[in-house]
Amino acid sequence: MALPDSNQIEEFQRNGAVLLKGAFVEHVGPMREAIEQNKQNPSWRERTYRPDDGAAPFFQDYVVWNQFDGYRNLVTRSPMAEIAAKLMGSKTARIFHDHVLVKEPGNSVVTPWHQDQPYYLVDATQSVSFWVPLDPVPRDRTIEYIAGSHLWGKDFKPTRFDGTSLFENDTSEAVPDVDALRDELDIIGWAVEPGDAVAFNFRTLHGAPANASPSRRRVVSFRWVGDDARFVERLGTTSPAFPDLEYEAGAPFEADIFPQLYPRP
């Protein structure tokens, strides 16, 4: 894909999310293979939701981009790092982690409205996630965003997808009842095809419906940070967790597990 133009960069900065059509279409086949390999060989961070109603599972795994060729090649051999830097307005782009999300046909798990930033051990205004679908997703089943919510100046209370608090004794403001306020908010989303990408800021509020369709919904998100990223102390174990990582709150976000890929050092 060509690098984002000035209109796409401005849209990303204004709305906190932008659609990049066909951004990584040549990586779809290898990424699909990687997901099947990943499901057979999950990491210790794997978390699969199996609904109590007996519906199909929702497979998730984290921090596996360097373990499977299909993921690794997209991160290191595509222009993703440079695209990230351009969107963020950053001189550099550093890969933070990936998140694999596979909602099988008939899965009843709704991805609740949330921001990603409060879950992480990094704080940054220069941040971007690339949500890359590997199956067609129509508008009524796609991920949605509240335009401009990354500029609200708030970090809402992080909760697990089952509704429980991620951190004990967290008194942060809860995410508003977005579904009750839909008519008052600027909610955006797009029908997407395999290899498209939706790029969004870590602080942009977003959510996604269940997959009641007969089709799979395979997605991999890749999270990047820019020049201003710093380590931050949280009230408990972050998601994803990095239990062996030693760091000091406020220090530049630099570690071997988070390599800078643009420009190449």
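Some points to look at:
- Chain lengthening between GLU193 and GLU104 when straightened (0.36 nm per residue, less Cα-Cα): 30.3 nm
- Whole-Å distance, taken between Cα centres, linking segment 37-104 and segment 7-33: 15
- Cα gyration tensor of segment 192-238 - equivalent ellipsoid semi-axes, whole Å, descending: 29, 16, 10
- In order through segment 198-205: 3J(HN,Hα) via Karplus (6.51 cos²θ - 1.76 cosθ + 1.60), integer Hz, x for Gly, Pro: 9, 9, 8, 6, 4, 9, 6, 5
- Here the spin labels are modelled as points 7 Å beyond Cα on the Cα-Cβ line, and at ASP179 and LEU3 they lie 4.3 nm apart.
- Going by neighbour counts of Cβ atoms within 10 Å, the residues VAL75, VAL192 line up, fewest first, as VAL75, VAL192.
- Exposure proxy shown here: for PHE242, PHE12, the number of other Cβ atoms within 10 Å sets the order, fewest to most, as PHE242, PHE12.
- Among THR48, THR142, the order by Cβ neighbours within 10 angstrom, fewest to most, reads THR48, THR142.
- Full extension of the chain between ARG47 and TRP152 yields a length gain of 34.8 nm, computed as 0.36 nm times the residue separation minus the alpha carbon distance.
- Phi to ³J(HN,Hα) by Karplus 6.51 cos²θ - 1.76 cosθ + 1.60 over segment 32-44, Hz, x for Gly, Pro: 4, 4, 4, 4, 5, 5, 5, 5, 7, 9, x, 7, 5
- Inter-probe distance in nm under a simple model that places probes 7 Å from Cα toward Cβ, at GLN40 and ILE257: 2.7
- Note on segment 6-259: the C-alpha convex hull projects to 13.2 nm² when averaged across all orientations.
- Charge-dipole axis of the chain as Lys and Arg at +1 and Asp and Glu at -1 on Cβ define it, positive-most pick from GLY236, VAL178, VAL102: VAL102
- Residues whose placed amide H lies under 5 Å from that of PHE96, excluding near-sequence neighbours: ARG223, TRP224, VAL225
- Here the Karplus relation 6.51 cos²θ - 1.76 cosθ + 1.60, evaluated at θ = phi - 60°, turns the backbone of segment 103-109 into coupling constants of 9, 6, x, x, 5, 9, 7 Hz, with x for every Gly and Pro.
Quick note: the coordinates plus some simple rules give every number you see, no bench work behind them. The shown structure was predicted, so the numbers you read here are calculated from the model rather than taken from an experiment. For neighbour counting, all protein chains shown are included, and Cβ atoms are generated from backbone atoms with ideal geometry for every residue, glycine included.
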